[in-house]
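Here the structure comes first, spelled out in structure tokens, and everything after it is commentary.
The values are calculated or read from the model by the stated rules, or taken from the named source; none is laboratory data. Computed from a predicted structure; not experimentally measured. Virtual Cβ from ideal backbone geometry, glycine too; neighbours counted across all protein chains shown.
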Amino acid sequence: MGDRDRTPANTDEADIHDGVTRRHLIVGGVAVTGAIGVGSGLLGKKEDIEPTPADRLMTAEMQFTGVATTLTETDVANPHSNWDLRNKIETALNSVNQILSEDFPDEPEIQQRINTLRTATEYYSTLVTSLTAADSLFGSVSDSGPNVLKQTGDLDYDPASKLDSSSFEQSLGQLAAAEKAPSEVTSEGRTLVPDQQAVLDALCTQREIFDRHIRAQQSYLDSATPIEVGVRAYEQSRFADARANLTVAQEALPPNISGTSGAYQLSNHGLTLDQYREVFSFRQDGVAQLLDASQESVPEDERQSAVNSALNAFFEARNLLPR
């Protein structure tokens, strides 16, 4: 019989099966030899491949390296970043803990990678605690700001007493104690955590921002009433009373409240630290002019000019407040 007679119709089905059985198939670049079903092999149907222990650990490690990259690229000192960062870290922690709860072979290399993941988990869990404390304080301070600015009488609380940053500060101490050596959080060449000192420094900056906002709110309140009473006494020529109240206001106004991180705005209806500094500067200017002009030796026309100039400074300060 010639070759032309070996058509599919004349070929024995057993011959086809035997040929497929011995054929080397390339699956994902790996040669696989073995008997497979004729239908599934010829149609290219892919069987589910169970991930190896190394694959599962790599997935967990990539969860943490992704979070580390996010922390590196984020301005962690910005209080508005707390909520999003915490959620991303918690999501990664849940995924990693799920993987670590599975069974793994008792092999040295595998167990070493598991231990590294657990060490990174400890760090990230402590970081979540700090971010949670930061976000809670952020909410309290940002809510208080507008209340302070619109207050025309006595506020029913003192910001310095109500807004307590001790929980956040305590969490930062725990975060510092949780710092891991680079070798403890590096697996297969992958660093599973960000620059830990940089994250801690950024959160310490955030704590300072909150502390300065609390002092700014308190100073705003503590200087408002003495200025109002002092101006009234000055206009009534009760200069001793005016000086007493204006001196209280002067002592309540901090020289530089903004520090190096004054641009962060905690609330759309509040002030940044830089804006508080401007408000206090106008108030200080007005108070200083009235104190100088309230001396007995100052002529009446100079006193009148001084009070007009001081009132303009106080109005400028008020114009900086959100509407």
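Here the condition is being part of a helix (DSSP H, G or I), within 30 Å of Ser309 (Cα to Cα) and of a type outside the set (Val, Ile, Thr); of Ser223, Ser183, it holds for Ser223 alone. If the condition is being among the hydroxyl-bearing types (Ser, Thr, Tyr) and under 26 Å from Leu149 (Cα atoms), then region 185-222 contributes Thr205, Ser219, Tyr220.
If the condition is being surrounded by fewer than 16 Cβ atoms within 10 Å (Cβ to Cβ), hydroxyl-bearing (Ser, Thr, Tyr) and farther than 19 Å from Tyr220 by Cβ, then region 234-263 contributes Ser237, Thr260. From the list Gln170, Gln111, the lone residue that is without any contact (Cβ under 8 Å) to a residue 40 or more places away in the chain and within 23 Å of the chain's Cα centre (by Cα) is Gln170.
Determine whether Ser136 is among the polar types (S, T, N, Q) and more than 26 Å from Gly262 (Cα to Cα). Against the criterion (among the polar types (S, T, N, Q) and more than 26 Å from Gly262 (Cα to Cα)), Ser136 does not qualify. In the condition set (1) in a helix (DSSP H, G or I); (2) more than 30 Å from Thr129 (Cβ to Cβ), Glu208 is compliant with all but (2).
Within region 148-169, the residues that satisfy the criterion of being farther than 29 Å from Asn87 by Cα and polar (S, T, N, Q) are Gln151, Thr152, Ser161.
Right, Leu291: more than 30 Å from Ser81 (Cα to Cα), modelled with pLDDT of 90 or more and either among the hydroxyl-bearing types (Ser, Thr, Tyr) or surrounded by 19 or more Cβ atoms within 10 Å (Cβ to Cβ) (or both) or not? Judged against the criteria, Leu291 is a match. Being surrounded by fewer than 18 Cβ atoms within 10 Å (Cβ to Cβ), among the hydrophobic types (A, V, I, L, M, F, W, C) and out of contact with any Leu (no Cβ under 9 Å at 6 or more places or on another chain) is the requirement here; does Ala198 meet it? For Ala198, the condition - surrounded by fewer than 18 Cβ atoms within 10 Å (Cβ to Cβ), among the hydrophobic types (A, V, I, L, M, F, W, C) and out of contact with any Leu (no Cβ under 9 Å at 6 or more places or on another chain) - is not met.
Only helices (runs of 4 or more DSSP H) whose full extent lies in region 61-173 are considered here, and the ones with at least 3 residues that are within 21 Å of Leu192 (Cα to Cα) and charged (D, E, K, R) are 82-100, 108-149.
Across region 73-101, the number of residues qualifying as surrounded by fewer than 16 Cβ atoms within 10 Å (Cβ to Cβ) and touching an Asp or Glu at 6+ places or on another chain (Cβ under 7 Å) comes to 1.
Annotation: Phe315 fulfils all but one of (1) surrounded by 14 or more Cβ atoms within 10 Å (Cβ to Cβ); (2) of a type in the set (A, V, I, L, M, F, W, C); (3) touching a Phe, Trp or Tyr at 6+ places or on another chain (Cβ under 9 Å); the unmet one is (1). Counting just the residues of region 163-184 that are over 26 Å from Val148 (Cβ atoms) and not small (Gly, Ala, Ser), which one comes out surrounded by the fewest Cβ atoms within 10 Å (Cβ to Cβ)? The residue in question is Pro182.
Condition check ((1) among the small types (Gly, Ala, Ser); (2) outside the structural domain of Leu200 (by TED's automatic domain parsing); (3) more than 22 Å from Leu266 (Cβ to Cβ)) across all residues:
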{"site": "Asp48", "(1), (2), (3)": "no, yes, yes"}
{"site": "Leu57", "(1), (2), (3)": "no, no, yes"}
{"site": "Gln63", "(1), (2), (3)": "no, no, yes"}
{"site": "Ala68", "(1), (2), (3)": "yes, no, yes"}
{"site": "Thr72", "(1), (2), (3)": "no, no, yes"}
{"site": "Pro79", "(1), (2), (3)": "no, no, no"}
{"site": "Asn82", "(1), (2), (3)": "no, no, no"}
{"site": "Leu85", "(1), (2), (3)": "no, no, no"}
{"site": "Leu93", "(1), (2), (3)": "no, no, yes"}
